[in-house]
Structures are given as structure tokens and as C-alpha cells.
Amino acid sequence: MADGPLIVQSDRTVLLEVAHPDAESARHELAIFAELERAPEHIHTYRITRLGLWNARAAGHDAEDMLATLERWSRFPVPPSVSIDIRETVGRYGRLTIERNDEGALMLRAIDTAVLTEVSRNKRIQPLLIGHPTPDSYAIDAWARGHIKQELLKIGWPAEDLAGYTPGTPHPIELEENGWVLRPYQRQAVDIFTEGGSGVVVLPCGAGKTLVGAAAMADTKTTTLILVTNTVSARQWRDELLKRTSLTAEEIGEYSGQVKEVKPVTIATYQILTAKRGGQYAHLALLDALDWGLIVYDEVHLLPAPVFKLTADLQARRRLGLTATLVREDGREGDVFSLIGPKRFDAPWKEIEAQGFISPAACYEVRVDLPAGDRLEYAAAADDERYRLAATAHAKIDVVRQLVARHEGERILVIGQYLDQIDVLAEALNAPQITGATPIDEREELYQAFRVGEVSLLVVSKVANFSIDLPEASVAIQVSGSFGSRQEEAQRLGRLLRPKESGNTASFYTLIARDTVDQDFAQNRQRFLAEQGYSYTILDADAIAA
DNA sequence: AAGATAGCAA
DNA sequence: TTGAATGCTATCTT
């Protein structure tokens with residue numbers, strides 16, 4: 001295309017011109033195999049990585065599809081080095097396979113023996129090979145299945161795991177589609193997963209990941225272990241399974257700090273698996289408590305590092321990872337790929353949106369000017385004080401007031417990170433506040449009042465990131481962000497702001513003090529939001545007043 | 001046994 | 001880099 005939205009560069013980055021009329025179409029196709037790296041106002045940068053290419057390949061896209069995408073939307077000819085590199089990298093996936101021989105022993109096989117010879121010389125892989133029965137295969141121990149996949153990925157020869165899975169103890173599970181049906185893309189995701197037996201399904205927030213899990217369980221019909229991030233999420237899984245499947249309360253167990261039940265379907269938190277006593281993992285027994293036929297990893301991009309270690313030994317069990325984004329802030333995407341499995345399905349965004357199943361919130365970054373006095377104080381402050389000063393700038397309060405007035409009649413959440421600031425805001429807006437110190441029953445009361453509409457404005461601290469589900473909110477105003485995981489923020493945002501029945505899109509505002517560190521941190525946040533398909537607009541505080 | 005509280009990890 | 005959450009365990013109380 002002579003004036004396409006993409007520029008493909010020979011360093012394997014791809015620039016996307018955001019304002020271009022075809023930008024969104026190009027973004028959706030590009031996101032299949034490239035990762036968003038930076039997302040400032042005008043030009044977004046994507047990077048074509050090996051892992052991205054292999055994930056796309058495992059999800060059924062081939063090199064020619066990906067090159068066609070680049071050629072279709074690229075303004076200039078695609079550099080030959082890039083197309084050669086894409087073909088070469090994609091071609092590496094599947095050259096090595098892990099299979100069972102006729103006796104059921106695990107074998108590492110290769111189509112061409114040169115590759116096999118090369119990897120067998122590697123000093124971290126050599127010890128895992130226990131025999132060389134035929135020129136095109138090596139024997140490996142069952143316990144080494146995960147480790148060898150990790151090592152092979154590291155040296156650039158990812159193996160396709162075709163060795164199959166233990167059936168697990170059969171257990172009858174049916175979907176009960178009364179008054180609802182599995183959406184077409186959910187069905188498709190489950191079908192592809194069931195065929196592959198392990199891997200990750202990537203769906204945007206609100207697209208019904210739990211149902212994909214439930215349907216996968218109904219397909220495999222075995223005892224299932226579900227791993228989740230926190231107890232609220234555990235309860236949501238439980239409720240959803242009771243409502244949507246034939247499972248009864250007696251068949252679903254919770255394995256957490258409070259209760260330790262092991263039932264045919266058991267829901268456990270990641271934390272309990274990582275809990276140690278006397279240097280040993282205290283709850284390892286859970287993994288072998290039953291002959292699990294399926295393990296579901298919820299929010300797989302948040303999987304704690306120690307769980308990878310444990311997962312390395314679980315390669316014979318079917319594994320389903322669910323997530324909205326594969327990007328991790330600790331760079332362990334490779335472990336997700338080799339230990340949980342490759343990406344099997346990514347959402348055809350356009351279709352899901354067109355079918356009205358999700359409508360992501362519109363995000364606005366509002367830049368606020370600091371008054372001269374505050375600017376001076378900021379400039380003189382020590383580094384570790386600066387962020388706090390910028391984040392809690394008083395100038396923000398007026399802007400919040402204006403935004404609240406602008407969205408009169410809607411349910412609004414004001415989110416802050418500093419307790420002092422929350423106090424001040426609650427006072428200024430004459431609204432109730434909820435923080436970690438608020439007693440549980442008082443929280444529940446306020447949430448309930450908010451749900452039914454008695455209270456339309458709440459000032460909340462980070463508690464809102466975790467333990468609440470307030471889909472009634474249609475406006476969120478973030479006054480100060482956090483250093484912590486920005487992904488998590490984006491995740492919870494999806495939980496807070498659901499597509500509204502009225503058809504109005506939800507709005508999310510982030511207040512940023514202009515020309516401060518505040519602005520730098522906002523960059524990262526933007527990236528995750530843009531990655532998950534939220535639109536992003538930068539506003540000036542003066543524009544709000546007008 | 002059940003509930004409250006403190007300390008720890010990440 | 002900080003500050004505010006979480007879940008888990010152990011300990012103490014009733």
C-alpha cells in the first residue's frame with residue numbers, strides 16, 4: 001500500500017501511525033505476531049520477536065500470513081532481511097518434536113538430524129538425554145519433559161510437544177446452556193485447545209474467560225484443578241461453574257488458607273502453592289492429591305515464578321492458561337510458552353467488538369499544569385519525594401470536580417494511591433471513602449449503596465484493584481497511579497467498567513501532572529491499555545473546564 | 001473450634 | 001525508587 005499505516009524497519013520494529021484511517025485494522029492483524037513496545041501519542045512501536053512468531057505459528061498462522069499482513073499495510077517495501085528472518089524463525093517451530101515411541105517412552109525427534117546433533121551438544125540439554133536409539137531421535141526421562149522444552153526454547157529450537165497427556169480420573173461435567181449459549185469464538189477457542197491439549201487462550205477482559213475454562217472442563221470430563229490469583233476470583237469461578245455447568249456444590253472444593261478441601265473440581269490460589277514451610281513447599285501434595293486430568297491457570301500472565309518450577313513436573317497433564325495479555329513484566333513469557341504451552345487462540349477483536357460482546361472503555365489522560373509554587377517545590381525535592389509531590393498535586397482536585405460535574409448522573413469511582421490524598425478528596429467532593437482500613441461490613445454497605453444508586457460517587461484506594469466487582473461504575477478517575485503492576489491495573493479496569501446496557505461506553509481518566517515523573521510512569525500504563533484494545537486520548541485540563 | 005491479630009512475602 | 005493492598009501462617013483469645 002503506497003500510504004499504509006505501517007513502517008517496517010530492518011531492526012524488526014514496526015511503526016504504526018495511530019491517526020491513519022487503516023490503523024485499527026492493521027493493529028489487529030499485527031498484534032497476532034508482534035508485541036506493542038511503546039505507545040506514545042502519534043506513533044506506536046511494535047516489535048517482532050521470536051516468541052511472538054512462534055506463538056502465532058502455534059495458533060495456526062504461517063509465515064506467509066504474517067508477511068502478507070506486513071506487505072498489505074506497509075508504506076514502504078518490507079526489508080528483505082525482515083521477511084527472510086520471519087520465514088526462518090517461524091520455520092524453526094516444529095522441527096523438533098517430543099513424542100512417544102511404541103513402548104510409550106518419551107523421545108525427542110527431529111526432521112533433520114543436523115538440528116538434533118546441534119541441540120544434543122548443548123551442555124544443558126545433554127544431561128537430559130538418556131539414549132540415542134535411532135539417528136533421528138533421543139530418549140528422555142518423563143520428568144525432564146518440561147525442563148528440556150525450557151532449554152530448547154532458550155537456544156532457539158522450540159519443540160512441539162506431541163507426547164499426549166494422562167487421561168486423569170474421569171468425572172462427568174456438562175455445560176448447562178439454559179438461557180445462554182457459548183459464544184462462537186469461545187467454542188472455537190475451546191475446540192483448538194482440546195485438540196492441542198495444552199496452551200494459552202488469550203481473550204480481552206470481559207470476553208468470558210471463565211466460560212472457556214468451563215467448556216474445556218466439559219470437553220475433557222476429568223477431575224480438574226483450577227489455579228487463581230485471589231480468593232475473590234476463586235469464589236467467582238465457583239459461582240460461575242455452579243451456574244453454567246452440571247457441577248454441584250459437593251463436587252467443587254476450595255483449597256485456600258482457610259479451607260482445604262480436595263474435590264473432583266478444586267479451586268486453589270497460587271499463593272498456597274508457593275507457601276513454604278521449613279524451606280519446603282508446604283502444599284505440594286495438592287498437585288498429586290487426585291489424578292488431575294486438567295489444570296486451569298487463570299490470569300496466566302500473573303503466575304508467580306515458583307509455580308513455573310512446579311509446572312515443569314506436570315507436563316503429562318492437560319494445561320489451559322487463560323489471560324488477556326501474554327506480556328509479563330518480568331520477561332518470563334518464554335516459560336509460559338514452554339511450560340504451560342503456546343498460544344492456541346487469540347481473540348479476533350474486530351469480530352467480538354462487532355458482535356457487541358465487549359466495548360472497551362475510552363481512556364483519557366488529562367494533563368494538569370502545576371502552579372508555579374508547586375513547580376518550584378517539585379524541582380527542589382529529592383528524587384524519592386518527587387513522585388509523591390507530582391501525584392498528589394493540589395491542582396488535580398479542581399479537575400476531578402469538573403470531571404465529576406461533567407458526568408453527573410453516572411456512577412463514578414475516584415481512585416487514588418495515597419491515603420492522605422484520599423482523605424482530602426473525599427472531603428472536597430463530599431463523598432464516602434473506602435480504604436484498606438475500612439471494616440469489611442462497612443465496605444459491603446457502601447458497595448451495595450453504590451450498586452443500587454444511593455451513592456453515586458466513591459473515593460477508593462487500592463482496595464478497588466482487588467476485591468471488588470463494581471460493573472455499575474461507568475466512570476473511573478485515577479488521581480495517582482502506582483509503581484506496581486500496571487497490567488493488573490488494566491485488568492481490574494476491565495472488571496470495573498463493563499459494556500453498559502445503555503450502549504454508552506465507559507470512561508477512564510488518568511490525571512497527570514505535566515512535565516513531571518508522573519508523566520513518565522503514565523507511558524507504561526498507556527502501553528498496557530492500548531495493548532488490550534482500549535482507545536487512548538490525551539486531554540488538556542483546560543479543555544475539561546470548557 | 002472459631003475469631004482476632006501480627007508478621008511475612010512478593 | 002514507594003506505598004498500599006493481598007493471602008498465608010502462627011499465635012493468642014474466647
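The values are calculated or read from the model by the stated rules, or taken from the named source; none is laboratory data. Here the structure is a predicted model, which is why all the values come from computation and not from measurement. A quick note on method: Cβ atoms are made from the backbone with ideal geometry, for glycine too, and the neighbour counts reach across all protein chains shown. Keep in mind that these areas ignore ligands, DNA and RNA; they rest on the heavy atoms of the full protein, side chains included. Shrake-Rupley method; radii C 1.70, N 1.55, O 1.52, S 1.80 Å.
Residues in the range A:304-335 that are within 21 Å of A:R525 (Cα to Cα) and of a type in the set (S, T, Y): A:T323, A:T325. A:E41 satisfies every condition listed in (1) modelled with pLDDT of 95 or more; (2) on the phi < 0 side of the Ramachandran plot; (3) not small (G, A, S) except (1).
Only one of these is under 27 Å from the mean Cα position of the chain (by Cα) and among the small types (G, A, S): A:G409, A:G373, A:G356. Name it. Reasoning before the result, please.
Numbers: A:G409 fails: under 27 Å from the mean Cα position of the chain (by Cα); A:G373 fails: under 27 Å from the mean Cα position of the chain (by Cα).
Testing whether each residue is under 27 Å from the mean Cα position of the chain (by Cα) and among the small types (G, A, S) leaves just A:G356.
Which residues, counting only those in the range A:277-293, are under 15 Å from A:V307 (Cα atoms) and either among the aliphatic types (A, V, I, L, M) or within 8 Å of DNA strand C (Cβ to nearest atom) (or both)? Hits for the range A:277-293 are A:A282, A:H283, A:L284, A:A285, A:L286, A:L287. Given the structure, is A:V202 at pLDDT 95 or above and within 30 Å of A:S535 (Cα to Cα)? For A:V202, the condition - at pLDDT 95 or above and within 30 Å of A:S535 (Cα to Cα) - is not met. Identify all residues within the range A:298-319 that are away from DNA strand C (no atom under 15 Å from the Cβ) and within 16 Å of the chain's Cα centre (by Cα); write none if there are none. Of everything in the range A:298-319, those that are away from DNA strand C (no atom under 15 Å from the Cβ) and within 16 Å of the chain's Cα centre (by Cα) turn out to be A:V300, A:H301, A:A305. Confirm whether A:T97 is at pLDDT 95 or above, touching an Asp or Glu at 6+ places or on another chain (Cβ under 7 Å) and under 28 Å from A:K154 (Cβ atoms). Here the answer is yes, as A:T97 does meet what is asked.
Consider the range A:105-149. How many of its residues are touching a Gly at 6+ places or on another chain (Cβ under 9 Å), open to solvent by 30 Å² or more (accessible area, probe 1.4 Å) and at pLDDT 95 or above? Of the residues in the range A:105-149, 1 are touching a Gly at 6+ places or on another chain (Cβ under 9 Å), open to solvent by 30 Å² or more (accessible area, probe 1.4 Å) and at pLDDT 95 or above. In the range A:128-144, the residues that are without any contact (Cβ under 8 Å) to a residue 60 or more places away in the chain reach residues that are of a type in the set (D, E) and open to solvent by less than 50 Å² (accessible area, probe 1.4 Å) with C-beta atoms within less than 8 angstrom, at least six apart or across chains, in these pairs: A:L128/A:E151.
Can you tell me which residue is most open to solvent (accessible area, probe 1.4 Å) among those in the range A:415-437 that are in contact with a Leu (Cβ under 7 Å, 6 or more places away or on another chain), more than 21 Å from A:I512 (Cβ to Cβ) and away from DNA strand C (no atom under 13 Å from the Cβ)?
Applying the first criterion (in contact with a Leu (Cβ under 7 Å, 6 or more places away or on another chain)) to the range A:415-437 yields A:416, A:429, A:431-432, A:434-435.
Keeping just the survivors that are more than 21 Å from A:I512 (Cβ to Cβ) gives A:431-432, A:434-435.
Now narrow it down to the ones that are away from DNA strand C (no atom under 13 Å from the Cβ): A:431-432.
Numbers: A:A431: 14, A:P432: 43 Å².
Here the answer is A:P432.
Counting only helices (runs of 4 or more DSSP H) wholly contained in the range A:349-419, the ones carrying 2 or more residues that are in the same structural domain as A:V455 (by the TED database) and among the small types (G, A, S) occupy A:372-380, A:383-391, A:395-406.
Here A:I48 meets the list (1) of a type in the set (A, V, I, L, M); (2) modelled with pLDDT of 95 or more; (3) within 30 Å of A:L539 (Cα to Cα) almost entirely, failing just condition (3).
Out of the range A:264-279, which residues are over 22 Å from A:A214 (Cα atoms) and either of a type in the set (G, A, S) or within 19 Å of the chain's Cα centre (by Cα) (or both)? Matches in the range A:264-279: A:Q271, A:A275, A:G278, A:G279.
Condition (residue is near DNA strand C (Cβ under 10 Å from one of its atoms) and either in contact with a strand residue (DSSP E or B) (Cβ under 7 Å, 6 or more places away or on another chain) or within 17 Å of A:E174 (Cβ to Cβ) (or both)) applied to the range A:240-252: is it met by at least one residue? Checked against the condition, which is being near DNA strand C (Cβ under 10 Å from one of its atoms) and either in contact with a strand residue (DSSP E or B) (Cβ under 7 Å, 6 or more places away or on another chain) or within 17 Å of A:E174 (Cβ to Cβ) (or both), the range A:240-252 yields no hits at all.
Return the residue satisfying two criteria in turn: it lies in the range A:216-231 and is over 25 Å from A:G179 (Cβ atoms) and within 25 Å of the chain's Cα centre (by Cα), and of such residues it is most open to solvent (accessible area, probe 1.4 Å). Checked the range A:216-231; the qualifying residue most open to solvent (accessible area, probe 1.4 Å) is A:T231.
Only residues that are surrounded by fewer than 16 Cβ atoms within 10 Å (Cβ to Cβ), within 22 Å of A:E299 (Cα to Cα) and more than 12 Å from DNA strand B (Cβ to nearest atom) were counted across the range A:263-284, and they come to 1.
The numbered conditions (1) closer than 19 Å to A:L51 by Cβ; (2) buried (at least 18 other Cβ atoms within 10 Å of the Cβ) are all true for A:L294 except (1).
Checked against the criterion of being in a loop (DSSP other than H, G, I, E, B), open to solvent by less than 50 Å² (accessible area, probe 1.4 Å), more than 16 Å from DNA strand B (Cβ to nearest atom) and at pLDDT 90 or above, the range A:331-348 contains one or more residues that satisfy it. The residues of the range A:311-330 that are at pLDDT 80 or above and open to solvent by 20 Å² or more (accessible area, probe 1.4 Å), listed by number, are A:D313, A:A316, A:R317, A:R318, A:L326.
Please verify whether A:K209 is open to solvent by 20 Å² or more (accessible area, probe 1.4 Å) and in contact with a strand residue (DSSP E or B) (Cβ under 7 Å, 6 or more places away or on another chain), treating the condition exactly as stated. Spell out how you get there, then give the answer.
On the way: open to solvent by 20 Å² or more (accessible area, probe 1.4 Å): yes; in contact with a strand residue (DSSP E or B) (Cβ under 7 Å, 6 or more places away or on another chain): yes.
The answer is yes for A:K209.
Restricting to the range A:243-259, and then to whatever is exposed (fewer than 15 other Cβ atoms within 10 Å of the Cβ) and outside any loop (DSSP other than H, G, I, E, B), can you tell me which residue is farthest from DNA strand B (Cβ to nearest atom)? Steps first, answer last, please.
Restricting attention to the range A:243-259, the residues satisfying the condition of being exposed (fewer than 15 other Cβ atoms within 10 Å of the Cβ) are A:243, A:246, A:248-250, A:257-259.
Those still in the list that are outside any loop (DSSP other than H, G, I, E, B) too: A:243, A:249-250.
Values: A:K243: 26, A:A249: 18, A:E250: 18 Å.
Among residues in the range A:243-259 that are exposed (fewer than 15 other Cβ atoms within 10 Å of the Cβ) and outside any loop (DSSP other than H, G, I, E, B), the one farthest from DNA strand B (Cβ to nearest atom) is A:K243.
Restricting attention to strands (runs of 3 or more DSSP E) lying wholly within the range A:431-546, give those where 3 or more residues are at pLDDT below 85 and not assigned by the TED database to the domain that holds A:H301.
Values: elements: A:457-460, A:475-478, A:507-513, A:535-540.
Filter on the range A:431-546 gives A:535-540.
Tell me, please, whether a residue that is over 21 Å from A:Q315 (Cα atoms), open to solvent by less than 50 Å² (accessible area, probe 1.4 Å) and not aliphatic (A, V, I, L, M) can be found in the range A:156-176.
At the first step, the residues of the range A:156-176 found to be over 21 Å from A:Q315 (Cα atoms) are A:172-176.
Okay, now just the ones that are also open to solvent by less than 50 Å² (accessible area, probe 1.4 Å), so A:173, A:175.
Now narrow it down to the ones that are not aliphatic (A, V, I, L, M): none.
Checked the range A:156-176: no residue is over 21 Å from A:Q315 (Cα atoms), open to solvent by less than 50 Å² (accessible area, probe 1.4 Å) and not aliphatic (A, V, I, L, M).
Residues considered: A:V300, A:V366. Of these, the only one that is crowded, with 20+ Cβ neighbours inside 10 Å and within 16 Å of DNA strand B (Cβ to nearest atom) is A:V300.
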